[in-house]
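Participant: Quick one: this structure, given as structure tokens, is what I'll be asking you about.
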Amino acid sequence: MKEDMILNRMCEDALKAILSIYDGNETLSVTGEYSIFPDYMRFSIKDAFNGLKYAGLVASYLPAMRCWSCYLTPDALSYFENKTSKGEMCMFRKLPSNSRALLNEIVNSDNPVDLLGKKFADCEDKPTKDSELRSLLRELQQEGYINLPSWADNVPWVVEINNSARTYDEREIEFEQQNKSSINSTINNFYGDATNVQIQQNTNKSKQNLTVTESIDFSKALEIFNHILSNIDSFNLSDADKQQLNSIVDEAKPLAESKINSDAVKKSLSVIKDFFIGVSGSLSASGILYMLSQMGV
């Protein structure tokens, strides 16, 4: 399992359901019916398995019409025990600003269904905005803040708001207070992987030079871009998602071909990674994630 990773609520609920029917066999194989999963997951089971696979808790997953099967990893068996030993503070994760803003709108709305209906209407003929809105809603569901059990005309018809959404601000304040040190100290927060970082301690007005020579493997980036374009129809994406993915690749590919602006290429690869973590479900998509991991993205 990826070090210090805490699953979102949906993946945890899925893992609990899987472990509840695991019979202890040495091959770590589990087969079950879709009915073991909570009702709110009925349209997101594939995403839950993808999340568990990315976290290193599921080695493989095979869906079928009436049942599913998977192979767990040893880390899956001890996930909840290890999580408990890390303390309750790890269980809260701050939402990105755009997700939090949408959550606040939903919680404070007298009619969340009408609110989301208007937002989707505003996204008509704007596939990128539509895809972004669906991505935000998917994140809020996966984190356990809302449930969208019923849809009509491809927009939410029922919106269930969980207590964790109504108490988000309160828990965020508590989380921040727990993170404050009782002594004077400097806390360096790195969101994501950090490299080529210098930290000086107990030094005043000192200067240090850091020389960094770093580049991206443009040939591997091109291989990923070309693979995406060649297999776009095999990723089980909506038309809006396909258009968004094509736009990302079309913007970054010329930079990789010209071997310029490595930062922009890296950023595009990172966006692509997040995209496939959220919506992947095919072998081709898993291949993209593997190729990105080999590049250190």
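The values are calculated or read from the model by the stated rules, or taken from the named source; none is laboratory data. Keep in mind that this is a model prediction, so the values were computed, not measured. In this analysis, Cβ positions are derived from the backbone assuming ideal geometry, glycine residues included, and neighbour counts consider all displayed protein chains.
Participant: So if I check each of I173, I106, which one is in contact (Cβ under 8 Å) with a residue 12 or more places away in the chain, closer than 21 Å to R9 by Cβ and not assigned by TED's automatic domain parsing to the domain that holds D39?
Facilitator: I106
Participant: Ok, one more. Considering only segment 43-73, how many residues are β-branched (V, I, T) and assigned to a helix (DSSP H, G or I)?
Facilitator: Counting residues in segment 43-73 that are β-branched (V, I, T) and assigned to a helix (DSSP H, G or I) gives 1.
Participant: For segment 239-261, give me each residue that is without any contact (Cβ under 8 Å) to a residue 12 or more places away in the chain and small (G, A, S).
Facilitator: Hit for segment 239-261 is S258, nothing else.
Participant: Let me ask something additional. Go through segment 21-50 and report how many residues are among the β-branched types (V, I, T) and surrounded by 12 or more Cβ atoms within 10 Å (Cβ to Cβ).
Facilitator: 4
Participant: Right, another one. Being touching a Phe, Trp or Tyr at 6+ places or on another chain (Cβ under 6 Å), in a loop (DSSP other than H, G, I, E, B) and either at pLDDT below 90 or not hydroxyl-bearing (S, T, Y) (or both), is that true of even one residue in segment 87-97?
Facilitator: Yes, segment 87-97 contains a residue that is touching a Phe, Trp or Tyr at 6+ places or on another chain (Cβ under 6 Å), in a loop (DSSP other than H, G, I, E, B) and either at pLDDT below 90 or not hydroxyl-bearing (S, T, Y) (or both).
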